Amino acid sequence: MLYPTFNQTLLLLVVAAAGLISGLLFDLANFLIVPFKNKTAIKQVLYFFAILLSFGGLFFVNLIFNLGQFRIFVLIEFVFFLLLERFTLGILWTKAVEKCYNKFAEPAKRYLHGRRKKKEEK
């Protein structure tokens with residue numbers, strides 16, 4: 001009886017980690033969208049792969065740690081931690097990355113644009 005009790009606690013921790021990692025996959029997809037001009041097509045493709053990897057990871061975790069048994073609380077916990085990451089850590093992380101991007105990308109664009117102008121004038 002000790003093994004199933006320990007297994008349930010381990011399952012809860014692993015599914016929580018899988019939910020958080022899945023949220024980070026969606027954040028990564030959002031960061032990869034920024035440099036592209038046609039954002040809608042790239043966004044759909046990246047979100048498709050993020051969803052595929054997220055629920056593939058959930059299936060793999062459920063298969064290994066829950067001995068192949070599907071229980072509804074596993075799905076509920078996974079979605080809860082996915083949403084928790086998206087609405088808390090995801091927002092804070094996105095704001096920090098946007099600030100860094102704006103701080104470094106805008107001066108780089110101005111510098112490159114100035115060099116291009118000088119080449120055209122010569």
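The values are calculated or read from the model by the stated rules, or taken from the named source; none is laboratory data. Computed from a predicted model, the values in this text were never measured in an experiment. All Cβ positions, glycine included, derive from the backbone under ideal geometry; neighbour counts span all protein chains shown. Protein only, heavy atoms only, side chains kept; ligands, DNA and RNA dropped before computing areas. Shrake-Rupley method; radii C 1.70, N 1.55, O 1.52, S 1.80 Å.
For GLY90, state whether it is touching a helix residue (DSSP H, G or I) at 6+ places or on another chain (Cβ under 6 Å), at pLDDT below 90 and small (Gly, Ala, Ser).
Considered against the rule, which asks whether it is touching a helix residue (DSSP H, G or I) at 6+ places or on another chain (Cβ under 6 Å), at pLDDT below 90 and small (Gly, Ala, Ser), GLY90 comes out as yes.
For the stretch 71-115, name all the residues that are β-branched (Val, Ile, Thr) and open to solvent by 90 Å² or more (accessible area, probe 1.4 Å).
Listed by number, the residues that qualify are ILE72, ILE76.
What residue, among those in the stretch 57-70 that are open to solvent by less than 80 Å² (accessible area, probe 1.4 Å) and farther than 20 Å from ASN30 by Cβ, is modelled with the lowest pLDDT?
GLY68
Taking the residues in the stretch 1-50 that are open to solvent by less than 50 Å² (accessible area, probe 1.4 Å), of a type in the set (S, T, N, Q) and modelled with pLDDT under 85 as candidates, determine which candidate is farthest from ASN62 (Cα to Cα).
ASN30
Give me the pairs, please: first residue somewhere in the stretch 7-29 and farther than 13 Å from ILE64 by Cα, second residue anywhere and open to solvent by less than 40 Å² (accessible area, probe 1.4 Å) and of a type in the set (D, E, K, R), beta-carbon distance under 6 Å, and either six or more positions apart or on two chains.
Matching pairs, first to second residue: LEU20/GLU85; GLY23/GLU85.
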